[in-house]
Amino acid sequence: MTSPATTSTSRWARGVVLPVAAVLAVMVFALNSSGYVVTVIGFAAIYAIFVTGLNFFMGYTGQASFGQNAFAALGGYGSAILSGNYYWDPLLALVVSMAFAGVVAAIVGYPTLKLRGHYLAMATFALGLITYEISIEWTGLTSGYMGISGIPPLGVGRYELGTEKQMLVALTAFLLLGVWISTRLRDSRFGRALRAIAGSEPAAQALGINVARYKLMAFVVAALYASCAGSLFAHFVGFISPEVFGGAMVIQSFTMLFLGGIGTTWGPVIGALMVLMLPEFLRGLKELQDVVYSCVLVMILIFAPKGLAGLVALIPTRRAPAAPRPAEAK
Amino acid sequence: MLQRHMTALAVAVGLTALAQPGFAQDTYKIGSAVGLTGYAAASDRAWRDGQALAVEALNAKGGLLGKKVEYIAEDNRSEPQEAVVVYRKMMSNDKVNVFASGCVSAGNFAAAGAVVRAETPMVLCSILPPRPEEVKWAYSILPPPRFEMEARYNWLKANTQVRKIGIMHDPTPYAQLMRDVGVKSAQEAGFEVVAVESYKPDDVDMSVQIGRINAAGAGAIVKMGQGGSTVTIAKNIKQLGLEKMILLASLDDGAPLKAAGEELGERFMFVAPRVQIPAALQPGEPKEVAEAFLKIWREKFGDRDPNAGARGWDSVMVIAKAVQLANSFEGPKVRDAVEKISGFQGSFAKYNFSPEQHVGITENPYVIGVLRGGQFQVK
């Protein structure tokens, strides 16, 4: 029999050490590679943050949101305008944009989250569409399809992350912080309440959980992550336009979530890396790239229905040698 | 155990493929980020094909300064994020020397910062990026929007009694620039703009906007934007029974122009470069250069519309000219040399670059075209 201490250590190694080591290994690989690899993995880190937030609402809480791109747009445009036009420190612009996105999420989510199932999905979808249209039409603020360029890289005061590799280190730090918060919240009272809601809303209500409040909180947390990702995109690329936060972002983030493993802590990170790196591996196939990419995605979903993170559970755990029986102990 | 080792090997091979650096440069590499899928596909595919033909033609003559020219095109899916990825791929893995990218303005803007830092010149199908330090390294093969407006206003004024017009535009940067020019220059040209309406390129019905323009008293719609929206507007005009409404469309691929012409007959007109209506080619050098391109284009693509292909061809020829002028492959020297290209006759237009003029087309290359007997002709 495995002792509780051994099980706990093994779980910790599998759930924390292994993924963190894997993320760091990928980042170290990127830092020793060309700008192309840095760019792809940088985007993967940004999307991983976005999807980790989405996982709060869709994975832990079991709700549907097709409109998180709206909050990424708020973050992206907030950072672009504050740091580009008003010369705020990028980090301060990022934090203020996140706060603004959180407030908007609370205001919008309060009435919207009274809906359930498909109705909630449609309402959030509309939220994404409205934000997208505003980013196109309000040209005085967003420059429409012309986009906003010249957004400074991340930095504080006079210190600026001048190269993409420095930016990638910062993105990794943001990502690990985001996943750490997600892990901590998942196992907290708040996280248990969310999982109860995902299981059954009436049952959670019967247990005394304020379902509406917790759903709203999960929505706001997801919006904060999305806004952070939007801001990081703006500072990483130095340019944003409405297409960045369009329907493709929603589809990609859903693919990442389900491919990586919805409801798992590290699934979004694995999904983001997979969805953004796989097409690059297949780029040499030219016209067949999309066909092979789609086939691989379908195969993964068939053979790993719980996502790639679910495969970790299949890794056999090395059991500690059984404790000697009293009779054998001499 | 074997399975685990195979998986590790596959991952290692994949990562190595992604990280593979460029090999020693024995060719001059022209990179092109093009929207082979997405909204820009129609024009960018033709742009790419024109470029590929131009590279073949250069290599057939021995290449550039003794080096073979290599052409690398990557699909940016008409999205800025993907554009950044493919630009980076071409810069760090393929080690391209110069960019000749397609018409996705936002994609070119998004990547411009990194391209400028790498001191790589860009000859673009799109409008120029907005920041001065980026404009320094970028050149445009696209005619300025005012030429399209001038051609249409001049024709309307000379040939019709229409003095009230409506403008319809999509939200792309080029169309927005043209809208501003159109509104600003209308009064000078003797027109009153009675309505300005916008649409999305994928809108399936524009009756409401057309109805408002008609109600405001316009006798013609000046449309800004490319693609199937032109056909939608033509169909809506017909469905609404507006039998006197004229539709003047933008520079576009031949397919939507033909479809729109079949709906409205000669009430549908469009701005066209002469290479799109070969009968309109002016004798002399313009005709010789355009026909040389058209001969190769038709051999390969038959009746396919040559408009965007001609611009793609010209972009490569402008780069070739710059390399010859610079007598060097170095980015800064090629950049400086493009500014010295003046009076260079391309298949689409004549190009006059200078330090202050990074949009090469300075003379109006357009005529007003119409579909007559299934063929494009000058109206």
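What follows draws every value from the coordinates through simple rules; no lab data is involved. The structure presented is a predicted model; accordingly, all values stated were derived computationally and were not measured. Heads up, the Cβs are rebuilt from the backbone with ideal geometry, glycines too, and the neighbour counts pull from every protein chain shown.
Just a few scattered comments:
- The length gained by stretching the chain between B:Lys244 and B:Asn364 to full extension, at 0.36 nm per residue less their Cα-Cα distance, is 40.4 nm.
- Placed amide H near B:Met224: partners under 5 Å, 5+ positions off or other chain: B:Met168, B:His169, B:Asp170
- Nearest-20 debye value, the protein assembly as shown charge dipole, Cβ charges on Lys, Arg, Asp, Glu: 1900
- Using every pair of separate Cα atoms, the Kirkwood estimate puts the hydrodynamic radius of the stretch A:230-297 at 13.3 angstrom.
- Each of B:Asp26 and B:Lys136 was given a label point 7 Å from its Cα along the Cα-to-Cβ line. The distance between the two points is 3.6 nm.
- Which of B:His169, A:His235, A:His118 has the fewest Cβ neighbours within 10 Å, and the rest in rising order: A:His118, B:His169, A:His235
- Estimated purely from DSSP H runs of n ≥ 4, each contributing -39500 (n - 2.57), the mean residue ellipticity at 222 nm for the protein assembly as shown is -17500 deg cm²/dmol once divided by its residues.
- Calculated FRET efficiency for the pair B:Gln375/A:Phe303, C-beta based, R₀ 45 Å, to 0.05: 0.20
- Pair-distance profile P(r), taking every C-alpha pair of the stretch A:18-314, with 10 angstrom steps and integer %: 7, 28, 36, 23, 6, 0
- Averaging the sequence gap over all C-alpha pairs within less than 8 Å and six or more residues apart, then dividing by the number of residues, gives the stretch B:145-250 a relative contact order of 31 percent.
- Contour minus Cα-Cα distance for B:Ser207 and B:Asn154 (0.36 nm per residue): 16.4 nm
- Sorted by Cβ neighbour density within 10 Å, fewest at the top, the residues A:Ser135, B:Ser207, B:Ser250: B:Ser207, B:Ser250, A:Ser135
- The stretch A:97-217 shape via C-alpha gyration tensor axes, a/c threshold 1.5: oblate
- Euclidean distance between Cα centres, the stretch A:97-122 to the stretch B:95-170, Å: 39
- Applying a threshold of 27 Å to the alpha-carbon distances of B:Lys136/B:Lys300; B:Lys89/B:Lys258; B:Lys29/B:Lys136; B:Lys287/B:Lys321; B:Lys61/B:Lys287 flags B:Lys136/B:Lys300; B:Lys89/B:Lys258 as lying beyond it.
- Close Lys pairs in the stretch A:18-314, defined as Cα atoms under 29 Å apart and 8 or more places apart or on different chains, number 4.
- Screening chain A for whole DSSP H helices of 18 Å or more along their axis (Cα) with average Kyte-Doolittle hydropathy at least -0.5 returns A:18-31, A:35-55, A:90-112, A:117-137, A:164-186, A:211-237, A:247-260, A:267-281, A:289-303.
- Shape call, the stretch A:195-278: gyration tensor on alpha carbons, a/c limit 1.5: prolate
- Dipole magnitude (debye, nearest 20) for the stretch B:145-250, charges at Cβ of Lys, Arg, Asp, Glu: 260
- DSSP-loop GluC sites (Glu not before Pro) across the stretch B:282-379, with at most 16 other Cβ within 10 angstrom: B:Glu330, B:Glu356, B:Glu363
- Distance between modelled label sites at B:Ser342 and A:Val169, nm, 7 Å Cα→Cβ extension: 5.0
- Estimated FRET transfer efficiency when R0 is 45 angstrom, pair A:Asn32-B:Lys200 (beta carbons, to 0.05): 0.55
- Cα-derived Rg to Rh of the protein assembly as shown, Kirkwood definition: 1.03
- Per DSSP, loop GluC sites (Glu not before Pro) in the stretch B:33-103 with at most 11 further Cβ within 10 Å: none
- Among the trypsin sites (Lys or Arg not before Pro) in the stretch A:121-219, those located in a DSSP loop and surrounded by at most 16 other Cβ atoms within 10 Å of their own Cβ are A:Arg158.
- Distance between the stretch A:156-209 and the stretch B:24-87 - C-alpha centres, whole angstrom: 42
- Among A:Phe174, A:Pro19, A:Thr52 the positive-end extreme of the charge dipole of chain A (Cβ point charges): A:Pro19
- Selected from B:Gln239, B:Thr160, B:Gly102, residue furthest toward positive end of dipole (chain B; charges at beta carbon): B:Thr160
- Overall form of the stretch B:145-250 per C-alpha gyration tensor (a/c, 1.5; a/b vs b/c): oblate
- In this structure, A:Ala126 and B:Glu285 have a Cβ-Cβ separation that, at R0 = 41 Å, corresponds to a calculated FRET efficiency of about 0.10.
- For chain B, the extents of the C-alpha atoms along the principal axes are 73, 58, 41 Å, listed from largest to smallest.
- Where chymotrypsin sites (Phe, Trp or Tyr not before Pro) in DSSP loops with at most 10 other Cβ within 10 Å are excluded, longest remaining stretch of chain A: A:88-330
- Separation of the B:Arg117 and A:Leu288 label points, Cα + 7 Å toward Cβ, nm: 3.6
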